[in-house]
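The values are calculated or read from the model by the stated rules, or taken from the named source; none is laboratory data. Model, not experiment: these values are computed from the prediction. Cβ atoms come from the backbone with ideal geometry, glycine included; neighbour counts cover every protein chain shown.
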Amino acid sequence: MYHGNPLQLEEHISRLKKGAKKLYIEADNTQEEIFRAANDLIEANGTMDGTIRVTITRGGKKRGLSFEPNEEPNLVITTGNYIPYPENLYRYGMQGIVVEMRRNNFSPLVSLKTLNFLEGVLALEEARKKGGQEGIFMNLEGNLCEGTISNIFWINSGTVYTPHISCGLVPGIVRGTVIKLCREQGLHVEEVREGISVLWEADEAFLTNSLMEVMPLVKVNNRKIGSGIPGKTTRFIRGVYRKFINENT
């Protein structure tokens, strides 16, 4: 959130409720109720620039895998302080590492944002041990997928590319917003299925999520992307997204 105002909370809640429905969690809270509770918590905690997390669980149940009848889901909302990413990362860019683990693009769970984040935890640790700041997943078919905590974009000859959702990725809220903003600015955007080589052939690349916003990606596996420094189109898109934030918070 920025200045005490959650950015795109409605979109986050909508994705949450759709995900809960796919997991057969009958969340009765309306979007308006969740939105009101979230804003009440922000005011009570006095959080200005920070994070907000809205979580729905199935609720208490006996041991076992089967669903219990008349389960009452739990809604949990938390806020926290936010330490921004270092400005040097935006100035010089991040390095990504292609991790050994693959995303299962055939799994119905892969596109859901859940508390089951162990794959991401292990993959990010692998990337950091190899000198990177972000791990990059391929899928079972060898297509570029996503980062452990981010969505990925690259730019070639003026066109902005990002992996298609069928590659097995979480459709990030910022990802969708950046696609929309790019098109509004006259940039051509394509969602594609490609291997890792497209990054090394690209002019520029960047990562997105709600906390890093738009982050330049300048190397993958110690190989430069383009000139190896944040490119002008990436800087332009970051500026457009920052303007979007300022206008909506």
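Quick notes
- With respect to being within 29 Å of Ile237 (Cβ to Cβ) and part of a helix (DSSP H, G or I), Tyr90 fits the description.
- Failed item, numbered, when Ile165 is tested on (1) farther than 19 Å from Ala127 by Cα; (2) surrounded by 21 or more Cβ atoms within 10 Å (Cβ to Cβ): (2)
- Verdict on Gly147 being buried (at least 23 other Cβ atoms within 10 Å of the Cβ), touching a residue at least 60 places away in the same chain (Cβ under 8 Å) and in contact with an Asp or Glu (Cβ under 9 Å, 6 or more places away or on another chain): yes
- Condition broken by Ala205, with the remaining ones in (1) of a type in the set (Gly, Ala, Ser); (2) in contact with a strand residue (DSSP E or B) (Cβ under 6 Å, 6 or more places away or on another chain); (3) surrounded by fewer than 15 Cβ atoms within 10 Å (Cβ to Cβ) satisfied: (3)
- Extreme residue, modelled with the lowest pLDDT, among residues of the stretch 43-62 that are assigned to a strand (DSSP E or B) and among the hydroxyl-bearing types (Ser, Thr, Tyr): Thr57
- Wholly enclosed strands (runs of 3 or more DSSP E) of the stretch 139-249 bearing at least 1 residues under 26 Å from Arg128 (Cβ atoms) and of a type in the set (Gly, Ala, Ser): 144-147, 204-209
- Note on the stretch 81-112: residues that are surrounded by 14 or more Cβ atoms within 10 Å (Cβ to Cβ) and in contact with a helix residue (DSSP H, G or I) (Cβ under 8 Å, 6 or more places away or on another chain) amount to 9.
- Odd one out for Thr249 among (1) modelled with pLDDT of 95 or more; (2) surrounded by fewer than 20 Cβ atoms within 10 Å (Cβ to Cβ): (1)
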